[in-house]
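Contents: one structure, followed by commentary.
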Amino acid sequence: MFAWGLTIACRTICAHVFGLDDIWVSTAMDISREKGRQAFITLLVDWSLCSTDSLRLDPSIRYALSDNVGNRCLEIDVYEIDESTSQVERRTYYSKECIGGAESLIGPRTRYFAAAPCLELIDMPTLLIKDLWIPMNGNCADDMHDGRLALDVIHKNFGNSSEFSGSFPQLVSAGPVYINRGRELVEDTTTTAFAGLPGISKVRQHRRIVTKWAGKMISTATYEDQVIIAIADAMTAYNVVYEKCKVLHGNITDRAILLKESADGVTGLLAEFDYATLLSDTGDIGDTCGAVDTGTTVEPELPELSMFWPIHRLEGSVVPHTRLGDCESLLYLICVLGTFGINKAEQEKFAKVVKERYARCQPKALRIKEWNTGAAEDIALSKRNHTETMRAFGRNILSKMKQHPSLSDLAVDIYKVLFQHPSLSDNSEDVVDPLVLRHPFEAEIVANLLTVLEDHKQRAIKARAVREANAATAAEVARGAAVAAPSPTPAPEPSSAAGPSRRRRRVELPLTGPAASTRSKTSHQSHNA
């Protein structure tokens with residue numbers, strides 16, 4: 001729920017409580033004075049005597065034994081309100097691992113658990129539990145911030161018979177988390193968690209969402225062609241959801257695109273509707289997460305989101321957030337994957353190389369790191385500079401994507417669609433923001449981008465076929481070499497019946513000619529000596 005911390009500066013110690021949106025700091029304790037030492041020791045004793053409730057340990061996630069050997073698993077409670085009786089019902093799911101941890105101390109602290117409905121099926125998880133803290137509007141939780149409302153709309157339109165029904169997570173259950181207060185169940189919110197602490201800037205509700213297992217994170221991909229196919233499929237589903245369901249996704253990141261493996265290969269899915277927007281029949285913005293059309297700078301709720309957010313959202317521009325913003329986020333996602341690596345192994349290798357360069361005092365500037373460093377205005381300015389021209393884009397971004405040429409080629413084509421549209425060549429004397437100029441051509445630009453993605457998908461499918469054929473050929477050659485190679489013949493062991501081995505006697509033959517005379521002289525000289 002929150003974290004404790006201590007800061008020590010010379011003889012002064014301060015205790016900190018890190019909340020979801022706030023940080024509380026104690027008065028300074030000077031341990032060089034008796035009063036300060038007493039306060040610090042009292043703090044440590046109070047911590048050691050704290051109850052589970054005071055420490056804010058989550059009672060709805062518990063350790064339990066998963067078998068008779070002593071292996072442990074997690075019991076996760078999910079609450080749902082029965083509409084007929086208005087009673088709170090609790091369901092318990094079982095999980096062996098957290099497949100996605102909270103990456104930041106601030107914000108919703110979203111976590112993901114691979115789970116099963118019963119203990120017997122824990123080794124074959126079929127569900128995904130999403131645990132997060134969503135903002136509240138007054139006394140009501142903002143349903144758009146957990147993606148539940150958007151998923152409801154999608155499945156009402158598609159159902160289970162549509163060809164796109166498998167392109168999105170299927171909702172199983174969702175609801176707030178409840179905790180015991182005496183004999184009463186109360187909603188777990190920051191108000192109840194931080195009761196007594198002053199100045200809570202944002203009230204959040206603890207919530208869990210259970211969906212059927214849809215796919216793996218895109219960071220589990222092994223090859224470039226898998227990533228490109230998944231991206232193309234996910235963006236096709238993205239556009240269908242926009243046109244058929246009037247839902248604007250609004251948050252294309254590395255967690256929004258999933259991989260699903262099958263016998264036919266890899267397909268892509270669209271997930272993470274936490275920032276989705278419901279549009280009216282006329283295309284106007286309806287229910288929204290509140291992060292569009294603000295006219296002021298918007299700081300991302302999570303620092304890592306700034307890496308993917310479009311320029312106008314970071315600037316708080318008057319330009320409305322449309323599909324163009326999500327397409328721009330897709331470009332940034334491809335650049336991030338192509339630079340840092342498509343999976344965790346590549347990312348760790350890249351981080352190691354960068355660390356070694358800094359150790360040798362030979363750092364090479366990575367401009368892409370400016371996309372998540374500093375304030376929102378600074379990040380927006382860096383992205384404008386890096387995408388101003390194709391030359392700037394190539395020098396600052398594409399030059400670092402050489403290890404993934406297919407993703408680099410895709411980034412070039414998407415850049416041309418988004419930033420080199422004919423509408424951006426303004427010949428008037430008035431300086432007009434190019435993001436404003438391209439806005440009326442949204443439908444045309446998105447259609448061109450989908451065409452580009454389909455073209456690269458077909459290339460990726462061909463590359464996958466070649467890769468699989470080469471792998472099959474190499475395996476066949478290896479099997480043939482193993483069959484053709486003669487088995488090593490063991491050396492015969494000496495027979496014990498032959499008796500002890502005889503030592504060979506050295507026989508010297510008499511030499512004739514010059515060699516004999518030379519040897520004779522040498523022997524004679526040695527004898528005389």
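Details
- Flag for Arg72 being open to solvent by 60 Å² or more (accessible area, probe 1.4 Å), more than 30 Å from Ala230 (Cβ to Cβ) and modelled with pLDDT of 80 or more: yes
- Any hit, segment 306-319, residues being touching a Lys or Arg at 6+ places or on another chain (Cβ under 7 Å), among the hydroxyl-bearing types (Ser, Thr, Tyr) and open to solvent by less than 10 Å² (accessible area, probe 1.4 Å): no
- Within segment 83-98, the only residue that satisfies the criterion of being in contact with a strand residue (DSSP E or B) (Cβ under 9 Å, 6 or more places away or on another chain), open to solvent by 100 Å² or more (accessible area, probe 1.4 Å) and more than 22 Å from Ile122 (Cα to Cα) is Gln87.
- Check on Asp77, closer than 18 Å to Ala195 by Cβ and either under 34 Å from the mean Cα position of the chain (by Cα) or at pLDDT below 85 (or both): no
Conditions tested, residue by residue: (1) more than 26 Å from His206 (Cα to Cα); (2) open to solvent by 40 Å² or more (accessible area, probe 1.4 Å); (3) assigned to a strand (DSSP E or B); (4) modelled with pLDDT of 85 or more.
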position: Ile13; (1), (2), (3), (4): yes, no, yes, yes
position: Leu20; (1), (2), (3), (4): no, no, no, no
position: Trp24; (1), (2), (3), (4): no, no, yes, yes
position: Asp46; (1), (2), (3), (4): yes, yes, no, no
position: Pro59; (1), (2), (3), (4): no, yes, no, no
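- The set of residues in segment 188-214 being open to solvent by 20 Å² or more (accessible area, probe 1.4 Å) and either of a type in the set (Ser, Thr, Tyr) or at pLDDT 85 or above (or both) consists of Thr191, Thr192, Ser201, Lys212.
- Taken together, Leu330, Leu381 contain a single residue that is under 24 Å from the mean Cα position of the chain (by Cα) and either closer than 21 Å to Val227 by Cα or open to solvent by 20 Å² or more (accessible area, probe 1.4 Å) (or both), which is Leu330.
- Residue pairs meeting the criteria (Cβ under 6 Å; at least 6 apart or on separate chains; first in contact (Cβ under 8 Å) with a residue 60 or more places away in the chain, in segment 5-24; second open to solvent by 60 Å² or more (accessible area, probe 1.4 Å)): Phe18/Leu105; Asp21/Ser201; Asp21/Lys202; Asp22/Ser201; Trp24/Leu197
- Residues of segment 337-349 satisfying the condition of being open to solvent by less than 20 Å² (accessible area, probe 1.4 Å) and part of a helix (DSSP H, G or I): Leu337, Gly338, Thr339
- Breaking point among (1) at pLDDT below 85; (2) open to solvent by 60 Å² or more (accessible area, probe 1.4 Å); (3) over 27 Å from Asp254 (Cα atoms); (4) part of a loop (DSSP other than H, G, I, E, B), for Trp4: (4)
- Top-ranked residue of segment 215-255 - restricted to ones that are open to solvent by 20 Å² or more (accessible area, probe 1.4 Å) and hydrophobic (A, V, I, L, M, F, W, C), ranked as farthest from Leu450 (Cα to Cα): Met217
- The C-beta contact set for segment 311-330 (first residue within 16 Å of Pro440 (Cβ to Cβ), second residue of a type in the set (Gly, Ala, Ser) and assigned to a helix (DSSP H, G or I), distance under 7 angstrom, 6+ apart or interchain) comprises His312/Gly325.
- Yes/no for Pro363 being open to solvent by 20 Å² or more (accessible area, probe 1.4 Å), at pLDDT below 90 and more than 20 Å from Asn251 (Cβ to Cβ): yes
- Any hit, segment 279-288, residues being open to solvent by 40 Å² or more (accessible area, probe 1.4 Å), more than 20 Å from Asp378 (Cβ to Cβ) and modelled with pLDDT of 60 or more: yes
The values are calculated or read from the model by the stated rules, or taken from the named source; none is laboratory data. The structure displayed is predicted, hence computed values, not measured ones. Please note: Cβ atoms are built from the backbone with ideal geometry, for glycine as well, and neighbour counts cover all protein chains shown. Quick note on the areas: whole protein, heavy atoms, side chains included, nothing else; ligands and nucleic acids left out. Shrake-Rupley method; radii C 1.70, N 1.55, O 1.52, S 1.80 Å.
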